[in-house]
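The block underneath contains the structure these notes are about, expressed in structure tokens.
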Amino acid sequence: GVWEPRESAIIEDLPRDSLFVDVGANLGWHSLLALSLGHTVIAFEPMEANVQLLKHSLCLNPGLEENLELHQVALTDMRDCTIGASHDNIGDGILVCGREQAAAFAASLGAGSDDASAVRRESVVTGRLDYYLHVGQVCVRAHQRERVCS
């Protein structure tokens with residue numbers, strides 16, 4: 001009934017009505033847990049498949065999406081970035097930016113530099129966290145929320 005018990009315990013001990021920021025939300029376990037406890041969540045997840053699975057989980061848990069702001073963005077100050085994942089764990093991404101993306105993917109996933117096919121890649125939108133939050137000013141950018149479930 002619990003995924004990542006140590007991290008989950010930290011979320012369960014947050015003060016009431018906290019703002020929880022989930023960077024690299026993946027499938028959304030931490031976001032969903034925080035939402036179920038009544039916290040406001042701002043989640044960042046750049047990978048399309050993970051975003052769709054998180055949205056599906058929200059549809060299965062009506063009302064949770066009301067306190068969620070979800071951004072399909074990789075947080076970095078760099079441009080021209082790609083996220084890749086090995087074929088055996090397509091939900092766990094590695095973000096690489098710049099000109100040497102193919103070699104970096106091959107090296108980081110343990111493949112030879114000629115075996116870039118071991119990686120599934122997708123271009124991602126990037127942004128900086130300070131664009132979305134203003135820490136210390138208790139100011140969160142208001143974004144128009146899209147409907148998750150229809």
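For the pair SER123/THR40, report the inter-label distance in nm, with labels modelled 7 Å from Cα in the Cβ direction.
Going by the 7 Å Cα→Cβ label model, 3.4 nm.
Could you order ASP130, ASP13 so the one with the most accessible surface comes first? Probe is 1.4 Å.
From most accessible down to least: ASP13, ASP130.
Solvent-accessible area per residue for the range 1-60 at a 1.4 Å probe radius, Å²?
55
With every protein chain left in place and a probe of 1.4 Å, what is the accessible surface of ARG121, to the nearest 10 Å²?
Number for this one is 110 Å².
Express in Å², to the nearest 10, the accessible area of CYS81 obtained by rolling a 1.4 Å probe over the protein heavy atoms while all chains stay in place.
Near enough 10 Å² of accessible area.
How far apart, in nm, are two points set 7 Å out from the Cα along the Cα-to-Cβ line at LEU14 and at TYR131?
Label at LEU14, label at TYR131, 2.3 nm between them.
Under a 1.4 angstrom probe, counting protein chains only, how are LEU68, LEU129 ranked by accessible area, largest first? Numbers along the way, then the final one.
Details: LEU68 15, LEU129 70 Å².
Largest accessible area first, the residues go LEU129, LEU68.
Can you pull the semi-axes for the range 1-63, root of five times each eigenvalue of the Cα gyration tensor, sorted largest first, whole Å?
18, 12, 12
The values are calculated or read from the model by the stated rules, or taken from the named source; none is laboratory data. Everything quoted here is computed from the prediction, not taken from an experiment. All Cβ positions, glycine included, derive from the backbone under ideal geometry; neighbour counts span all protein chains shown. In case anyone asks, the SASA skips ligands and DNA or RNA and just uses the protein heavy atoms, side chains included. Shrake-Rupley method; radii C 1.70, N 1.55, O 1.52, S 1.80 Å.
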